[in-house]
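Asks: What follows is a single structure, and I will ask about it in a moment.
The values are calculated or read from the model by the stated rules, or taken from the named source; none is laboratory data. For clarity, every value in this text was computed on a predicted model and none was experimentally measured. Cβ coordinates were reconstructed from backbone atoms using ideal geometry, including for glycine residues, and neighbour counts include every protein chain displayed.
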Amino acid sequence: MKYFLGRSLLPSQIEALHNWVVRKGRFHERNWHLNFMFKQLPGKEKAIKAIMRDEVERVYSILLTREVRRPHSQLAERQMPIFVGCPDLPVPKRDKVTRRLVVANDGWHFNGVLVLSSFSRGKFDPGIDFERLQDLFCPAERPLERICATRIEYGSMVDYSMKALIAGRIGWDDILILPKSQSEF
């Protein structure tokens with residue numbers, strides 16, 4: 001389902017999301033851009049997006065147990081990692097000769113921003129641990145192929161992560177914000 005978003009409304013909403021992540025990032029010193037790449041998934045675009053979303057939520061739940069001792073307690077609110085992301089398509093590159101093989105899922109993948117709390121246990125380093133624990137996060141029987149983590153040094157990268165929303169390829173319903181509120185359970 002395509003959504004019509006007024007061009008004047010969309011930038012202000014993306015900016016509000018950016019400001020929220022930056023505000024959270026001031027107290028959460030470990031900010032990362034995550035890129036989730038998948039094996040070939042069955043079904044049409046809607047089914048592919050649903051599978052990708054489920055896999056990202058699964059990865060978040062594994063990461064959560066490494067960062068927060070008791071995630072369902074009220075005291076854990078400040079320790080919770082924050083993830084904001086959505087499905088995405090590759091952008092055209094200038095160098096057509098070294099074009100990557102992005103034929104899987106018509107190029108659909110999942111981008112997002114992960115903000116890890118400085119108040120948490122701090123046992124997880126995405127730059128190292130996604131690769132080191134590849135069998136845990138991306139087991140052979142699951143559709144997730146790999147996770148690329150890049151440290152964010154400046155800003156929030158929300159606008160880059162939401163480029164499919166800005167281009168009108170996805171709607172607001174496709175955006176994933178974690179942790180979920182208690183009312184969503």
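Asks: Could you check ASP106 against (1) modelled with pLDDT of 85 or more; (2) buried (at least 20 other Cβ atoms within 10 Å of the Cβ) and say which number it fails?
Replies: (2)
Asks: Would you mention how many residues in the range 59-78 are without any contact (Cβ under 8 Å) to a residue 12 or more places away in the chain and touching a Leu at 6+ places or on another chain (Cβ under 8 Å)?
Replies: Number of matching residues: 0.
Asks: Okay, moving on. Pairs under 6 Å by beta carbon, first residue closer than 12 Å to ASP174 by Cα in the range 40-51, partner not in a loop (DSSP other than H, G, I, E, B), six or more apart or different chains?
Replies: What qualifies is ILE48/ASN105; LYS49/PRO87.
Asks: With the requirement that a residue be in a loop (DSSP other than H, G, I, E, B), within 22 Å of ILE147 (Cβ to Cβ) and at pLDDT below 80, what does the range 1-54 give you?
Replies: HIS28, GLU29
Asks: If you take the residues of the range 138-185 that are out of contact with any Ser or Thr (no Cβ under 9 Å at 6 or more places or on another chain) and on the phi > 0 side of the Ramachandran plot, which of them is modelled with the lowest pLDDT?
Replies: GLY155
Asks: Looking at (1) surrounded by fewer than 17 Cβ atoms within 10 Å (Cβ to Cβ); (2) at pLDDT 90 or above; (3) within 15 Å of the chain's Cα centre (by Cα); (4) assigned to a helix (DSSP H, G or I), can you tell me which one PHE130 breaks?
Replies: For PHE130, the failing item is (1).
Asks: Cβ-Cβ under 7 Å, sequence separation 6+ or interchain: first residue in the range 162-185 and buried (at least 16 other Cβ atoms within 10 Å of the Cβ), partner basic (Lys, Arg) and modelled with pLDDT of 90 or more. Which pairs?
Replies: Qualifying pairs under 7 Å: ASP174/LYS49; LEU176/ARG53.
Quick grid of which residues meet (1) under 15 Å from the mean Cα position of the chain (by Cα); (2) exposed (fewer than 13 other Cβ atoms within 10 Å of the Cβ); (3) at pLDDT below 95:
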| position | (1), (2), (3) |
| --- | --- |
| VAL59 | yes, no, no |
| ARG66 | no, no, yes |
| ARG69 | no, yes, yes |
| HIS72 | no, yes, yes |
| VAL84 | yes, no, yes |
| LEU114 | yes, no, yes |
